[in-house]
1. What's the number of the condition residue 79 fails, among (1) touching a helix residue (DSSP H, G or I) at 6+ places or on another chain (Cβ under 6 Å); (2) under 18 Å from residue 10 (Cα atoms); (3) in a loop (DSSP other than H, G, I, E, B)?
2. Tell me, which residue of region 148-163 that is under 25 Å from residue 10 (Cα atoms) and touching a helix residue (DSSP H, G or I) at 6+ places or on another chain (Cβ under 8 Å) is surrounded by the fewest Cβ atoms within 10 Å (Cβ to Cβ)?
3. Test residue 207 against the criterion of being over 30 Å from residue 164 (Cα atoms) and touching a helix residue (DSSP H, G or I) at 6+ places or on another chain (Cβ under 6 Å), and give yes or no.
4. Kindly list the number of the only condition in (1) buried (at least 23 other Cβ atoms within 10 Å of the Cβ); (2) part of a loop (DSSP other than H, G, I, E, B); (3) modelled with pLDDT under 90 that fails for residue 17.
5. Mind listing just one residue for me: the one in region 30-46 that is farther than 17 Å from residue 230 by Cβ and in contact with a strand residue (DSSP E or B) (Cβ under 6 Å, 6 or more places away or on another chain) and, of those, surrounded by the most Cβ atoms within 10 Å (Cβ to Cβ)?
6. Could you tell me which of the residues 214, 198 is closer than 30 Å to residue 16 by Cβ, touching a strand residue (DSSP E or B) at 6+ places or on another chain (Cβ under 9 Å) and surrounded by 18 or more Cβ atoms within 10 Å (Cβ to Cβ)?
7. Considering only residues of region 230-240 that are out of contact with any helix residue (DSSP H, G or I) (no Cβ under 6 Å at 6 or more places or on another chain) and without any contact (Cβ under 8 Å) to a residue 60 or more places away in the chain, which is farthest from residue 202 (Cα to Cα)?
8. Run down 96, 80 and say which single residue is surrounded by fewer than 18 Cβ atoms within 10 Å (Cβ to Cβ) and within 18 Å of residue 36 (Cα to Cα).
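The values are calculated or read from the model by the stated rules, or taken from the named source; none is laboratory data. In this text the structure is predicted, and so the values were computed from the model without any measurement. Positions of Cβ are backbone-derived with ideal geometry, glycine not excepted, and every protein chain shown enters the neighbour counts.
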């Protein structure tokens, strides 16, 4: 049985870490490479690096930044944003990424997931999903939450898994940046339909939020604002969770 992971998330815009609320009002919080190194040293189990404007701006991949981050990081690193071709995936893996996170391109061409999985293995394919509640279901959005897709959450999860996705990164657009806790209703609905690991993203603000999500059975938790605001450290989060009887990976990665 694998213990749950605490994953530090870096939303990156032109080399700087940014964070907003509900995908809006982004504020710069520091140098992405520096923060990647700091979180790795502090005990994060993994890093997720998402270039949140690459797809929107149609910019080339910032491979040089990934290389610089890899030089400071000795834990698994997932990189996403602006991935459109197999050549993009190859470039990121060669730059030091362990896994790639695919979102908009997968939605536009679901078979792209299978193409990546066939060449490099499902274990390196993370399908990132941004979803928000619409009536009685959750709807999937692309391009950094700016474009509504034709996919409902459940249908997209089932299709992406069938195409060969090895892991899901599911972000609640409703909870993102609010620090009011993860959208457990959405996460639990998603887990009913998939057999792949699921990373919960969006809404963590306190240790209580993390504890609740882990006791709820989540596989991994993405943490951003709690770390960026320097109110918590990864080591401090893990120590407090353990003191409450919640199992997390230890000693520090």
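1. Of the numbered conditions (1) touching a helix residue (DSSP H, G or I) at 6+ places or on another chain (Cβ under 6 Å); (2) under 18 Å from residue 10 (Cα atoms); (3) in a loop (DSSP other than H, G, I, E, B), the odd one out for residue 79 is (3).
2. 149
3. yes
4. With (1) buried (at least 23 other Cβ atoms within 10 Å of the Cβ); (2) part of a loop (DSSP other than H, G, I, E, B); (3) modelled with pLDDT under 90 applied to residue 17, the lone miss is (2).
5. Looking at residues that are farther than 17 Å from residue 230 by Cβ and in contact with a strand residue (DSSP E or B) (Cβ under 6 Å, 6 or more places away or on another chain), I get 46.
6. 198
7. Step by step, filter region 230-240, then rank; the result is 239.
8. On the way: 80 fails: surrounded by fewer than 18 Cβ atoms within 10 Å (Cβ to Cβ).
Matching residue, one of 96, 80: 96.
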